[in-house]
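The values are calculated or read from the model by the stated rules, or taken from the named source; none is laboratory data. Predicted model, so just to flag it, every value in this text is computed and none were measured. So basically every Cβ, Gly included, is an ideal-geometry build from the backbone, and we count neighbours across all protein chains shown. Protein only, heavy atoms only, side chains kept; ligands, DNA and RNA dropped before computing areas. Shrake-Rupley method; radii C 1.70, N 1.55, O 1.52, S 1.80 Å.
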Amino acid sequence: MTQPTTLADATQLAQDIEHHLNQVLIGQQQVVREVLIALVSGGHVLIEGVPGLGKTLLVRSLGKVLELDFNRIQFTPDLMPTDVTGHAMYDQKSEQFRIRRGPAFTQLLLADEINRAPAKTQAALLEVMQERQITIEGKAFTLNEPYMVLATQNPLDQEGTYPLPEAELDRFLFKVLIDYPDHADETRLVNMVLDGTIRASLDVESLSPVTDAAGLKAMKALSDSVLIDDEVLDYALRIVRATRDFSGLSHGASPRASIALARASRVQALFEGRDFVTPDDVQQVARPVLRHRIQLSADAEIEGQTPETALGRLLEQVEAPKQ
Amino acid sequence: MELEKASARLAPRSPWQAVDLGTKLYRQWAAPVLWVWLAFTLAPFGLLLGWSLLAETLWPLFLFWWLKPLWERPLLAWYSHALFAETLTLKQLFQRWRHYALPGLASQLTWRRFSPARSFNTCVWQLEGAKEEQLSQRLRALNSYPSNRAGIMTIVVLHLEQFMAMGLMVLLYTLVPWQFSLEWSDWFYDQGALQMAIASATLYLVMFVTEPLYVACGFALYLNKRTWLEGWDLQLGLTRLGRHRATRSGATVLMLLALMLLPLPEPATAQPAPRNEEQQEVIELLASPDYMPFEERTERQWKDRDEDSNSWLEEFWKHFFDNLDDDEQPESSSQPFDIPDAVLWILFWALFAGLVIWLLTKVMNQLGLGSQRRDHSPVIPTHVAGMDIRRHSLPKNLRQAVENALAANDIRLALSLMLRSALASLLRRYPVALAAGSTEQQCLRNLKAAHGEPLPILYLQRLIQAWISTAWAHRPVDADAVRSLLTHWEEIRAEEAADA
């Protein structure tokens, strides 16, 4: 299996993975890129989009291409925390408590429609996402690396949902918006299904692994060596700090967002084949890093603003790095 | 006008009691006046709405709203006859339209369109038919103290109209099936044909309810004012007395007259009937010139209020208006605000005209009909990627400054100077829209998108590559490459100068 040793290798590998995923998930290049950046950065992703856009397909393809374990949990209002993490059960034969591991014991966890479960079930993921471990009956189990939670939520049909708490939202590195493919891509997709190039179920069996956990680990290590100039780092921090007192925002992003922005910028530079970060890399990842970490003020909402428009204004106003 | 035929009791009332009477009139004759309203407005509204939808403009609907004084005339004609026991048919209203609708209409549709006392003044024009020279005198007399409150009543009805329209729109919004996923903003601000038709129909429906009420209240205020000024209640009382004179003794008549003119005592403190001497005293008192003397006062006068309640603002206005009135007072010069009446009126009308023009401009701009010419040429930025590119911030001798930086082995500074200089020059020649947050690569992308790839922009691309390598990748280009770039830039400038 391919394991990169240089930055050029890592870039090539990243592009190979992107290419494979884009063959299955047609017309979602930006989504694929952002999910991969989050994966290499060691973060989690919250994907928001209407049903039928291939969110589950993306995660399954990712598991296949990277040879990672994959589990899916459909979040429902009656889901219990132990249904996610696992629990201890009494074994009558051995007369001992036995740990039954939940679906969170995996490498890629798809938390489908995460906002349909109540807050206590959502909170079961807090430890998993931050510490990458699960504690059952006082015993901590460390999860295998890489570990990534991909949670999805539907922007429509909000009835009977439980909005994610800020603490949980902050633990997602990116919030990725998945939208309908454009006309040309959708035509290509339908044609491919009709002529049998891909099956209607869009199964991922045809995909072959490109790398594995070790390859990803090597990519992550290489991304850590990407140079980020002090001015560029300062620019990233100024963007995050600007969210805290920007007109139209009632809550800004935390320092965790600053770390996320710098880390994701490095991976973005790596994906672009550079060993240094430019201000453009920072701008490129600023929206997915910040859009779920800011809260619009009431008057901005009344004016019809969205987090996207507010971030657009903010990025226009924060001065790019000085000489 | 035969007062004894009035179907409402004509008695002096407070303005609000008069408005209550107007409400009562409206409730009493709601069905016929609503038919009158529909008969005169439905067809014009339908035509104007159709025009509005076809032409996709709001002007026809605005015209309908503007013509409100015209639509109110038939309502007033109907009320004024109905009160005195004469019910006009729609046919009669149409036949007499020219007589009751035209007096004073031109002024009401132009400079008096925003008169807050419209409902009251319309009665003077329409019912009294006074000539223009008598009219202002008549209006002054009718609008004299005590105030008839017609202006406040207009404001109240205006709010009622707005709240009802808004409430109806909200109600309709709640009835839209959720599958349409209709946003509030789309419902209220979208100017699609359907929304325009719904909003217009809503406004018409509200006016259908409020306009007859408004006219009735204005008419009642008018009746009340005339009752106060002309003693209609006394006239009615005397008429009734006259009818009974033949059968009643003179003493009884006088006693009744006295009782009618004097305030009625409370039942609990009722007095015994007055004796003959007392009746004589009453008659003499009523006949004397000291009883309820009429006087005409033209100066403004402030009410006496508690000293403690006088704020500085009240004091200011008091001085202000006192000075206006006291032209002949020599001590007025010692007071701080000495403004003649004419100046105050000019100021008031100037402010009013300014306000109207401002409102019209806003409305026209909102409707996209403004004549303002927008300059779409991009503004040349002063900073790009945080770099100051204003001319005065750049070195006068670029080569010298770059050589100095190179001598100090500061490649980054040298490139920075060149980049600033190049951007300052290029953005003037090839203007593009840029924000403070635009990076150097965004600047390049925008320049290429807007102006293609002429030589100066291709040069900028090379320069930016050198800058990125030096500044962000920490791999400074060598001094010779910087000099080569500088020479190239000087050649470009020389060519530009030659072309110019």
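Given the DSSP H assignment, sum -39500 (n - 2.57) over each helix run of at least 4 residues in chain A and divide by its residue total; what's the result at 222 nm in deg cm²/dmol, nearest 500? Before the final figure, lay out the partial values.
On the way: 13 runs with 147 residues, N = 323.
Value at 222 nm, helices only: -14000 deg cm²/dmol.
Testing the spin-label approximation: label points 7 Å from Cα along Cα→Cβ at B:R9 and A:D9. State their distance in nm.
So the label points at B:R9 and A:D9 sit 10.6 nm apart.
Mean 1/r over all different Cα pairs, inverted: what Kirkwood radius does region B:382-444 give, in Å?
Roughly 12.1 Å, rounded to one decimal.
With the crude spin-label approximation of a point 7 Å out along Cα→Cβ, what separation in nm comes out for B:V209 versus B:T57?
Using points 7 Å along Cα→Cβ, the separation is 3.2 nm.
Mind listing the long-range amide H neighbours of A:F276? Cut-off is under 5 Å, sequence gap 5 or more, other chains count too, H placed in the peptide plane at 1.01 Å from N.
Under 5 Å from the amide H of A:F276: A:L227.
So if I take the centroid of the Cα atoms in region B:151-222 and the same for region A:125-199, what is the distance between those two points in Å?
Going from one Cα centre to the other spans 46 Å.
Tell me, what HN-Hα J-couplings in whole Hz come from the Karplus equation 6.51 cos²θ - 1.76 cosθ + 1.60 at θ = phi - 60° for each residue of region A:91-103, using x for Gly and Pro?
Those phi angles translate into 9, 5, 5, 8, 6, 9, 7, 10, 7, 9, 6, x, x Hz.
Kindly give the semi-axes, whole Å and largest first, of the ellipsoid equivalent to region B:383-499, taking each as the square root of 5 times a Cα gyration tensor eigenvalue.
One finds semi-axes of 21, 17, 14 Å for region B:383-499.
Based on the Cβ-Cβ distance from A:N144 to B:E453, what FRET efficiency comes out when R0 is 60 Å, to the nearest 0.05?
0.75
What is the set of long-range amide H partners of A:L296 at a cut-off below 5 Å, with H atoms built 1.01 Å from backbone N?
Here A:S250 satisfy the definition.
Enumerate the calculated ³J(HN,Hα) couplings along region A:138-145 in order (Karplus 6.51 cos²θ - 1.76 cosθ + 1.60, θ = phi - 60°), each rounded to whole Hz, writing x wherever the residue is Gly or Pro.
For region A:138-145, the Karplus curve yields x, 10, 8, 10, 7, 8, 6, 8 Hz.
Just how much of B:K362 is accessible, in Å², when a 1.4 Å probe is used and the result is rounded to the nearest 10?
Taking all protein chains as shown, B:K362 has close to 110 Å².
Which order do the peptides B:192-201, A:28-37 come out in when sorted by mean C-beta neighbours inside 10 angstrom, highest first?
So the peptides B:192-201, A:28-37, ranked by packing, come out A:28-37, B:192-201.
Per residue, what accessible area does region B:3-230 have, given a 1.4 Å probe and all protein chains present, in Å²?
Each residue of region B:3-230 exposes 52 Å² on average to a 1.4 Å probe.
Based on the mean of other Cβ atoms within 10 Å per residue, sort peptides A:41-53, B:19-31, B:451-463 so the most packed one is first.
A:41-53, B:19-31, B:451-463
Where does each of B:480-487, B:51-58 land if you order them by average Cβ count within 10 Å, highest first?
B:480-487, B:51-58
Run the simple label-point estimate for B:E490 and B:E183 please: 7 Å along Cα→C-beta, distance reported in nm.
Roughly 5.6 nm, to one decimal.
Using amide H atoms built in the peptide plane, which far-off residues or other-chain residues are under 5 Å from B:S115 H to H?
When sequence neighbours closer than 5 places are left aside, there are no close amide H contacts.
Hey, how much of the P(r) for region B:108-181 falls beyond 14 Å, as a percent of Cα pairs?
Considering region B:108-181, 72 percent of its Cα-Cα pairs are separated by more than 14 Å.
Using only Cα atoms, what Kirkwood radius does region A:226-323 have, in angstroms?
Details: mean 1/r = 0.0741 Å⁻¹.
For region A:226-323, the Kirkwood estimate is 13.5 Å.
Suppose R0 equals 25 Å; then what is the FRET efficiency for B:A197 and B:L360 from their Cβ-Cβ distance, rounded to the nearest 0.05?
On the way: r = 25 Å, r/R0 = 1.00.
The calculated FRET efficiency here is 0.50.
Just to confirm my numbers, what's the Cα centroid distance between region A:202-255 and region A:87-107 in Å?
So the two Cα centres are separated by 36 Å.
Quick one: buried accessible area between A and B, total over both chains, 1.4 angstrom probe, nearest 100 Å²?
1600
Structure shown: which of B:K396/B:K448; B:K5/B:K131; B:K91/B:K362 lie over 32 Å apart, alpha-carbon to alpha-carbon? Before the final figure, lay out each step's value.
Numbers: B:K396/B:K448 28 Å; B:K5/B:K131 27 Å; B:K91/B:K362 42 Å.
In this structure, B:K91/B:K362 exceed 32 Å between Cα atoms.
In bins 5 Å wide, starting from 0, what share of all Cα pairs of region A:109-264 does each bin hold, as a percent?
With 5 Å bins starting at 0, P(r) equals 1, 6, 10, 12, 15, 16, 16, 12, 7, 3, 1.
Where a Cα-Cα gap under 17 Å defines reach, which lysines qualify for A:K217, not counting those fewer than 8 residues away within the same chain?
Answer for A:K217, where 17 Å is the Cα cut-off: A:K64, listed by chain and number.
How large is the direction-averaged shadow of the alpha-carbon convex hull of region A:1-100, in nm²?
Its average projected convex-hull area is 9.9 nm².
Measuring from a point 7 Å past the Cα of A:R256 along Cα-to-C-beta, which residues in region A:163-198 have an amide N at less than 18 Å?
In region A:163-198, the label zone of A:R256 (backbone N under 18 Å from the point 7 Å along Cα→Cβ) covers A:163-176.
Residues of B:434-443, mean number of Cβ from any other protein chain within 10 Å of their own Cβ, rounded to a whole number?
Details: counts 1, 8, 6, 16, 6, 9, 5, 5, 4, 1.
Mean shielding count: 6.
For B:V176 and B:E230 in one chain, what is 0.36 nm times their gap in residues minus the Cα-Cα distance, to one decimal in nm?
Separation in residues times 0.36 nm, less the Cα-Cα distance, equals 13.9 nm.
Across peptide A:307-319, how many C-beta atoms of other chains are within 10 Å of each residue C-beta, on average?
2
Taking chain A, how much of its Cα-Cα pair set, in percent, is spaced more than 26 angstrom apart?
Tail of the P(r) past 26 Å holds 50 percent of the pairs.
Would you mind getting the accessible area per residue of region A:20-61, heavy atoms of the protein chains only, 1.4 Å probe, in Å²?
Values: 1010 Å² over 42 residues.
Result: 24 Å² of accessible area for each residue.
How much of A:E186 can a 1.4 Å solvent probe reach, expressed as accessible area in Å² and rounded to 10?
90
Within a Cβ distance under 9 Å of B:W467, other residues only, what is the Lys/Arg minus Asp/Glu net charge?
0
Sorting A:H87, A:H19, A:H183 by accessible area (1.4 Å probe), largest first, what list results? Don't skip to the end; give the middle numbers.
Details: A:H87 65, A:H19 105, A:H183 155 Å².
Correct descending sequence by accessible area is A:H183, A:H19, A:H87.
How crowded by other chains is A:148-161, given as the mean number of beta carbons from other chains within 10 Å of each beta carbon?
0
So what's the Cα pair-distance distribution over region B:3-230, bin width 10 Å, in %?
Reading upward from the zero bin: 7, 30, 34, 18, 8, 2, 0.
Count the net charge of all other residues whose Cβ sits under 15 Å from the Cβ of B:L109, scoring Lys and Arg as +1 and Asp and Glu as -1.
+4
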